[in-house]
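Just so it is clear, none of the values below were taken in a lab; they were calculated from the coordinates. All values derive from a computational prediction rather than experimental measurement. Note that each Cβ is placed from the backbone with ideal geometry, even for glycine, and that neighbours are counted across all protein chains shown.
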């Protein structure tokens, strides 16, 4: 037996778990089925562009990330706090008044919600920032939509801003996601910046992996069976260890451990295009406030992080909530939708790649977070971690990895 712990999956949860165990002298072997670390956080290089596999941002306010990651080395490139909302044939800017007060004054007269709505944001923000994160995950639980309605926001504010904004974060256009996630997300956006690492989102798991001893990660090793003390690979090879930790997404964890882990996830489809110039010069998220057409949100990553593409090109990222049976038809609909927003110039945009991701996040409707931190002990000798054990975020994945490592350390003593 060469390793104390076998970790199945080299996503954020598995890497954070391995990092903590190695720090305490526990020998780990991380087994990853794919050709690289990161799990759902991967970046491809295509025609000089960095394409994250599904549009994602990193929030600098995540407490677990601040404790573990080297932000300076990641060279984080921020988006401006706020958004552009497409409504009524125009783009309207909504700005965070706490960080861009002068720009926020112009937002007061935008048609995205009433003046009363914008004042309610201050009250909602104050409640989200009260106490600790753990306190917010103990708040009474309902759907995000009901929580917004109960807070007094008008239908226009919900439909034109909150539905596309939160729908893009939760990948849930119906806003059925737990209100506890709403409070958490509102808190994180209020306290930090939404950023892209200069080298792509995969730089985050790469940094975690680089801190592990050589030989700690084995790629191309697909685990098909786990039991106390051993795992079996697709090749038939069996590996032994004192403990086994399953650190894969919920759908794959259910295949290995059983249906008591929900295999249901939220899906998304991300389309990338190359343009000769950015139609919007500010690093802002663009939201579909009209509610028509397939695009929920889009942005221009190279405006925020020029390292995401060639100097003479602009990268366009368009996100659709959910996946489609006919991706070619969806691409045509997305292209037509872009043309409605940006005119004939879109005809020259080159389609780079489409990422259809059926399981991008675990479903977290009310009761899913009834216990905010689910047990990481599965049965004697087997542990489990991932964002399906905490909350559907980078923070949740990293915390679950730490919690699993702490459980292993306690049980090995």
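Highest average first, the peptides 320-327, 49-56 ordered by how many other beta carbon atoms sit within 10 Å of their residues are 49-56, 320-327. With neighbours defined as other Cβ atoms within 10 Å of a residue's Cβ, the residues 31, 257 order from fewest to most as 257, 31. Which FRET efficiency value, to the nearest 0.05, do you get for residue 211 and residue 176 by plugging their Cβ-Cβ distance into 1/(1 + (r/R0)^6) with R0 = 35 Å? After rounding, the FRET efficiency stands at 0.40. For the chain, the longest principal axis of the alpha carbon atoms and the long axis of helix 394-412 meet at an angle near 20°.
In the chain, the longest principal axis of the Cα atoms and the axis of helix 327-342 are about 40 degrees apart. Distance between the pseudo-spin-label points of residue 191 and residue 371 (7 Å out from Cα toward the beta carbon): 2.5 nm. Computed from label points 7 Å out along Cα-Cβ, the spacing between residue 264 and residue 312 is 5.1 nm. Placing pseudo-labels 7 Å out from each Cα toward the beta carbon at residue 237 and residue 219 gives an inter-label distance of 1.5 nm. Between residue 379 and residue 27, the C-beta separation translates, for a Förster distance of 30 Å, into a calculated FRET efficiency of about 0.85. For segment 112-191, the Cα-based Rg and Dmax, in that order, read 11.7, 32 Å.
Normalised by 2.2 N^0.38 Å, where N is the number of residues, the C-alpha radius of gyration of the chain stands at 0.99. Tell me the angle of helix 179-191 to the major Cα principal axis of the chain, expressed in degrees between 0 and 90 and rounded to the nearest ten. Tilt relative to the chain: about 70 degrees. Exposure proxy shown here: for 202, 237, the number of other Cβ atoms within 10 Å sets the order, fewest to most, as 237, 202.
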